[in-house]
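Worksheet for the structure shown next.
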Amino acid sequence: MSTSASFGANAVIVVFGASGDLAKKKTFPALFGLYREGQLPSTVKIIGYARSKIEDADFKKRISDNFKLRDEEKDKPKIEEFLKLCSYHQGAYDTAEGYEELEKIIGEHEKKVGTESPERLFYLALPPSVFTEVAKNLKKYVYAENGTTRIIVEKPFGHDLDSSRELQKDLAPLFTEEELYRIDHYLGKEMVKNLLVLRFGNELLSGTWNKNHIKSIQISFKEAFGTEGRGGYFDSIGIVRDVMQNHLLQVLTLLTMERPVSFDPEAIRDEKVKVLKAFSPLNTDDILIGQYTKSEDGKKPGYLDDETVKGDSKCVTYAALGLGINNERWEGVPIVMRAGKALDESKVEIRIQFKPVAKGMFEEIQRNELVIRVQPNEAIYMKINSKIPGISTETSLTDLDLTYKSRYSKDFWIPEAYEALIRDCFLGNHSNFVRDDELDVSWKLFTPLLNFIESDKAPVPEGYAYGSKGPKGLRAFLNKHGYVFADEGTYQWPLTTPNVKGKM
Ligand code: BG6
């Protein structure tokens, strides 16, 4: 049976790990968001499954704490309606009983609504330790034998290449690739979903998107908070595994892949895999790593102050990596991926800096730069040179600005990443999920670097104060990779007054 058709009114959604943090903060609020917007059938059945004993009412209270309303008056009644579709089922992950009861509940519901071809979506919001076990039992006891099963799985998909392959080896006999939806929530972000349209739908960008015009590419992820409360978890993960091997690499493949023949999910994923295979091995000499220390005023803790972290931990909380792609389009274009916790702001953006124009007629002129701000406050702006209005003979760097908040009305519903992805899965669209071969190549690329960073040969991460811009060497690192700061750092976006920089 094809799994690419949309699920319908009689679909059943089961969230495993329903009492956990992810389910509470992301999965259920996303399901509610979809219901609120009329994107989930009003007859869908949603079951939370977990080991903890929780009364149904407590469960509903717990999940609804994080529901978001867009229109207080209109949306409030929808909470009650939605909660009526939900129920909680307590069960173990390692014994048959809970799954058999779950099968009974689902079966009875399907019988009642008269489904001939069951549609079951299982969302595994689970820690890696129970993941395979649940997958096996799910296949054995609650798989939709005469219908369609879809499974959403959450990272981490392994810890390195070997463990990822091991996990894949466990899952492959149970579920087909068509049934599996590996979530990387960055692929559900509005701006990331826009990348293919921006790149391939605009000749201006499509025609210049190569080594002949682009000087450098940068993807930057900044968080203004540390690992507070998650130190124990983070210590064996580090920033590279946490957001770079997955989220930022996904963004980078969309930025650098060749034009797919269509928007068909496999056409897109084929191109992503192809470009990933063209990346040069990561150069362990071309990295900048750091770990945050106390804030300058001493109010915010350093990473090592976290009691759940080993006192001498060399865990990397900041990394900047130099990357390169060996193909005709990108040969020689420096790419920097950088990510850090406990910095001066929270921001994720992409910077494409173009080559300088031939000077000739100009004494001085700045470079074009396209900035795609993924979050917060989605925006796309292009730094361009323009004559200062009036009698001036000077140029200034200004911008073409598409800030979503000012361009689109507030009534526009931009789904949260998890809303977008659960909806895609419901519709049977795999475009924004990670395919098995893609995962394999991404681990192949990152595992040697991770092994190096975690070995005795790695340099000690440079300390940077909580709330600062990161390790001191960053600016020089970016310069080394072809990035030039506009106006020697004085350019601000958005611009209010022209700042003179350039002469005709
Ligand atoms: C998660 C990481 O995958 O992504 C977190 O584990 C990180 O450490 C988060 O904070 C960032 O996601 P977002 O959507 O808040 O940018």
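Scanning region 270-280 finds one or more residues that are assigned to a loop (DSSP other than H, G, I, E, B) and either at pLDDT 95 or above or more than 15 Å from the ligand (Cβ to nearest atom) (or both).
For the subset of region 36-64 comprising residues that are touching a Phe, Trp or Tyr at 6+ places or on another chain (Cβ under 6 Å) and either small (Gly, Ala, Ser) or buried (at least 22 other Cβ atoms within 10 Å of the Cβ) (or both), which member is farthest from Glu81 (Cα to Cα)? Among residues in region 36-64 that are touching a Phe, Trp or Tyr at 6+ places or on another chain (Cβ under 6 Å) and either small (Gly, Ala, Ser) or buried (at least 22 other Cβ atoms within 10 Å of the Cβ) (or both), the one farthest from Glu81 (Cα to Cα) is Tyr49. For region 307-315, the count of residues that are within 16 Å of the ligand (Cβ to nearest atom), more than 22 Å from the chain's Cα centre (by Cα) and farther than 23 Å from Arg475 by Cα is nonzero. If we scan region 209-223, do we find a residue that is within 11 Å of the ligand (Cβ to nearest atom) and surrounded by fewer than 22 Cβ atoms within 10 Å (Cβ to Cβ)? Within region 209-223, one or more residues are within 11 Å of the ligand (Cβ to nearest atom) and surrounded by fewer than 22 Cβ atoms within 10 Å (Cβ to Cβ). Out of Glu145, Glu101, one residue alone is more than 16 Å from the ligand (Cβ to nearest atom) and not in a loop (DSSP other than H, G, I, E, B). It is Glu101. Would you call Leu167 more than 13 Å from the chain's Cα centre (by Cα), part of a helix (DSSP H, G or I), buried (at least 20 other Cβ atoms within 10 Å of the Cβ) and more than 16 Å from the ligand (Cβ to nearest atom)? Here the answer is yes, as Leu167 does meet what is asked. Taking the criterion of being within 25 Å of Glu416 (Cα to Cα), modelled with pLDDT of 95 or more and of a type in the set (Phe, Trp, Tyr), the residues of region 185-243 that qualify are Tyr186, Phe200, Phe221, Phe225. Being farther than 18 Å from Ile46 by Cβ, assigned to a loop (DSSP other than H, G, I, E, B) and away from the ligand (no atom under 16 Å from the Cβ) is not true of Thr132.
Of all residues in region 183-193, exactly one satisfies the criterion of being within 10 Å of the ligand (Cβ to nearest atom) and either free of Cβ contacts under 8 Å to residues at least 60 places away in the same chain or surrounded by fewer than 21 Cβ atoms within 10 Å (Cβ to Cβ) (or both), namely His185. When Ser87, Ser117 are checked against the criterion of being of a type in the set (S, T, N, Q) and either modelled with pLDDT of 95 or more or loosely packed, with under 12 Cβ neighbours inside 10 Å (or both), Ser87 stands alone in meeting it. Scanning for something in contact with a strand residue (DSSP E or B) (Cβ under 9 Å, 6 or more places away or on another chain) and either over 23 Å from Glu154 (Cβ atoms) or aromatic (Phe, Trp, Tyr) (or both), does region 75-89 turn up at least one residue? Scanning region 75-89, I find at least one residue that is in contact with a strand residue (DSSP E or B) (Cβ under 9 Å, 6 or more places away or on another chain) and either over 23 Å from Glu154 (Cβ atoms) or aromatic (Phe, Trp, Tyr) (or both), so the answer is yes. For Phe131, the conditions (1) at pLDDT below 95; (2) among the aromatic types (Phe, Trp, Tyr); (3) over 24 Å from the mean Cα position of the chain (by Cα) all hold with the exception of (3). Restricting Leu196, Leu180, Leu205 to residues that are more than 16 Å from the ligand (Cβ to nearest atom) and under 26 Å from Leu22 (Cα atoms) narrows the list to Leu180.
Among the strands (runs of 3 or more DSSP E) confined to region 1-96, the ones with at least 2 residues that are in contact with an Asp or Glu (Cβ under 8 Å, 6 or more places away or on another chain) are located at 86-90. Filtered by the rule that a residue be touching a residue at least 40 places away in the same chain (Cβ under 8 Å) and of a type in the set (Lys, Arg), region 281-325 gives Lys294, Lys300, Lys310, Lys314. One residue stands out in region 224-255 among those that are of a type in the set (D, E, K, R) and within 10 Å of the ligand (Cβ to nearest atom): the one that is surrounded by the fewest Cβ atoms within 10 Å (Cβ to Cβ), namely Arg230.
Within region 386-442, the set of residues being within 16 Å of the ligand (Cβ to nearest atom), buried (at least 21 other Cβ atoms within 10 Å of the Cβ) and hydrophobic (A, V, I, L, M, F, W, C) comprises Ala417, Ala420, Leu421, Ile422, Phe433, Val434, Leu439. Considering region 345-383, the residues that are assigned to a loop (DSSP other than H, G, I, E, B) and within 16 Å of the ligand (Cβ to nearest atom) include one that is nearest to Phe221 (Cα to Cα), namely Ser346. Identify, please: which residue in region 148-164 is among the acidic types (Asp, Glu) and in a loop (DSSP other than H, G, I, E, B) and is, among those, nearest to the ligand (Cβ to nearest atom)? This residue is Glu154.
To keep it simple, each residue is scored yes or no on (1) surrounded by 22 or more Cβ atoms within 10 Å (Cβ to Cβ); (2) β-branched (Val, Ile, Thr).
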residue	(1), (2)
Met257	yes, no
Ile268	no, yes
Val273	no, yes
Pro281	no, no
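Here Glu258 meets each of (1) under 18 Å from the mean Cα position of the chain (by Cα); (2) more than 13 Å from the ligand (Cβ to nearest atom); (3) of a type outside the set (S, T, N, Q) with one exception, condition (1). Screening Glu179 on (1) more than 30 Å from Asn326 (Cα to Cα); (2) at pLDDT 95 or above; (3) surrounded by 18 or more Cβ atoms within 10 Å (Cβ to Cβ) shows it passes everything except condition (3).
The values are calculated or read from the model by the stated rules, or taken from the named source; none is laboratory data. Predicted model only: the values in this text are computed from it and were never measured. Cβ atoms come from the backbone with ideal geometry, glycine included; neighbour counts cover every protein chain shown.
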